[in-house]
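These notes concern the structure reproduced below.
The values are calculated or read from the model by the stated rules, or taken from the named source; none is laboratory data. Because the structure is a prediction, the values reported are computed rather than measured. Please note: Cβ atoms are built from the backbone with ideal geometry, for glycine as well, and neighbour counts cover all protein chains shown. Calculation scope for accessible area: heavy atoms of the full protein, side chains included, ligands and nucleic acids excluded. Shrake-Rupley method; radii C 1.70, N 1.55, O 1.52, S 1.80 Å.
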Amino acid sequence: MRLCAFSICHKYGIIIAIDNVSLSLESGEFVGILGPNGSGKTTLLRVLAGAVKPCGGTVLLDGEDVHKMRPKPVAEKIAVVPQNGYIPFPFSVFEMVMMGREPHMTRFSRESPRDVDIVSQAMAATGVTHLADRSVLDLSYGERQRVVVARALAQEPGILLLDEPTSHLDPGYRMEIMDVFKSLSRCKNIGVLAVLHDVNLASQYADRLIMLNQGKKVADGIPREVVTKEILESVYGVEAIVRTHPAVGCPQVMLVPGFRAGQGEDNPAGN
């Protein structure tokens, strides 16, 4: 499965959110999208999912224009994990994850044993099996986020679009969820595109990184080509130290606090 975007442009009024961005996502590839707040990351993801029609450009899913396809065929191939998995009704966790099977079911059909098995696997992969009978409204934000991820996995998508999927998760669950996504890309040949704020996390898991700034694509390549001192300081306006991860071998970033700039360790007042 292949998702391609060509010369995507989008505006909100006079504000340019995306400015002539092109990208591709292949089956089995894990791509991370980085950039500061307001750089167009979430808007681009919504355009790729078919939720927002761009002012210019084209998004193709296996050669077919996403914005000319009906919602159900798109949902059979693309699953989205939103940044804020808001859930307004007291569904049980099992019911919530089962909603991911809807694109594969007819209007009046009931879930089959296969549907139940797929939902159970998705819940196990995200660590929410023990919450199956709990109302989603009784869960913590991090638990709800894992339920939303499980619902997306239950869709059995060929393409998985993630908008800050690890937000509000503690470090242990953050790594577990990212391990799940990486395993899906490698073992199930799913194309994964993830918007992330954590540069180090993105560098550890992504095969390729795309850096956005003010709606423009400023870098696209393997992590060591994108996570550089020059690019980070230009895009984020910070002083950065880039080192190699001792275990994984990918670039990792340390930021120099502003209050340390120009100050000796034994002279915090700069006197």
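Derived scalar couplings between HN and Hα for segment 47-52 equal 5, 5, 7, x, 6, 10 Hz in order, rounded to whole Hz, by the Karplus curve 6.51 cos²θ - 1.76 cosθ + 1.60 (θ = phi - 60°), x for Gly and Pro. Mean residue ellipticity, 222 nm, helices only, the chain: the sum of -39500 (n - 2.57) across DSSP H runs of n ≥ 4, divided by residue count and rounded to 500, is -9000 deg cm²/dmol.
Distant-in-sequence amide contacts of VAL52, defined by a placed amide H-H separation under 5 Å and a gap of 5 or more residues or a different chain, comprise VAL47. Assuming 1.002 mPa s and 20 °C, estimate D for segment 109-156 with Stokes-Einstein, Rh taken as the Kirkwood radius over Cα pairs, in µm²/s. My calculation gives 195 µm²/s for D.
Under conditions of 37 °C and 0.692 mPa s, segment 1-56 yields 277 µm² s⁻¹ as its translational diffusion coefficient, taking Rh as the Kirkwood radius over Cα pairs in the Stokes-Einstein equation.
The packing ranking of peptides 144-156, 164-176, highest mean first, is 144-156, 164-176, where packing means the average number of other beta carbon atoms within 10 angstrom of each residue. Could you work out, for the chain, what percent of all Cα-Cα pairs fall into each 10 Å distance bin, beginning at 0 Å and stopping at the bin that holds the largest distance? The percentages, shortest bin first, are 7, 27, 33, 22, 8, 3, 1, 0. The HN-Hα couplings worked out from phi for segment 66-83 by the Karplus form 6.51 cos²θ - 1.76 cosθ + 1.60 (θ = phi - 60°) are 4, 7, 10, 8, 6, x, 5, x, 5, 5, 6, 10, 10, 10, 10, 10, x, 5 Hz, whole numbers, x standing for Gly and Pro.
What would the Debye equation give as log₁₀ I(q)/I(0) for segment 149-227 at q = 0.15, 0.17 Å⁻¹, counting only Cα atoms as equal point scatterers? For segment 149-227, the Cα-only Debye profile gives -0.54, -0.70.
Taken over the C-alpha atoms, segment 121-271 has Rg and Dmax values of 18.7, 62 angstrom. When nucleic acids and ligands are ignored and a 1.4 Å probe is applied, HIS197 ends up with an accessible area of around 80 Å². Among PHE89, PHE30, PHE108, the order of accessible area from largest down is PHE108, PHE89, PHE30, computed with a 1.4 Å probe on protein heavy atoms. On the principal axes of its alpha-carbon atoms, segment 1-108 has extents of 41, 30, 27 Å, going from largest to smallest. Across segment 207-219, rounded Karplus estimates of 3J(HN,Hα) from the backbone phi angles (6.51 cos²θ - 1.76 cosθ + 1.60, θ = phi - 60°) give 6, 9, 10, 10, 9, 10, 8, 6, x, 9, 7, 9, 7 Hz, Gly and Pro being marked x. Quick one: pull the percent of accessible area on the chain belonging to carbon and sulfur, 1.4 Å probe, ligands and nucleic acids left out. Ligands and nucleic acids excluded, carbon and sulfur give 52 percent.
In straight-distance terms, cross-link reach from LYS68 covers every one of the lysines whose alpha-carbon lies under 27 Å from its own, apart from those fewer than eight places away in the same chain; here that gives LYS11, LYS41, LYS53, LYS77, LYS216, LYS217.
Annotation: amide H-H contacts under 5 Å for ASN213 (H modelled 1.01 Å from N, sequence separation of 5 or more, or interchain): VAL218. Look at the Cα gyration tensor of segment 84-124: its axes a ≥ b ≥ c give a/c of at least 1.5 with a/b at or below b/c, and that counts as oblate. With a cut-off of 8 Å between alpha carbons and a minimum separation of six or more residues, what is the relative contact order of the chain in percent? Rounded, it is 24 percent for the chain. Electrostatic bookkeeping for LEU212 treats Lys and Arg as +1 and Asp and Glu as -1; over the other residues with beta carbon under 13 Å from its beta carbon, the sum is +1. The distance from the alpha carbon centre of segment 162-209 to that of segment 103-154 is 19 Å, rounded to a whole number.
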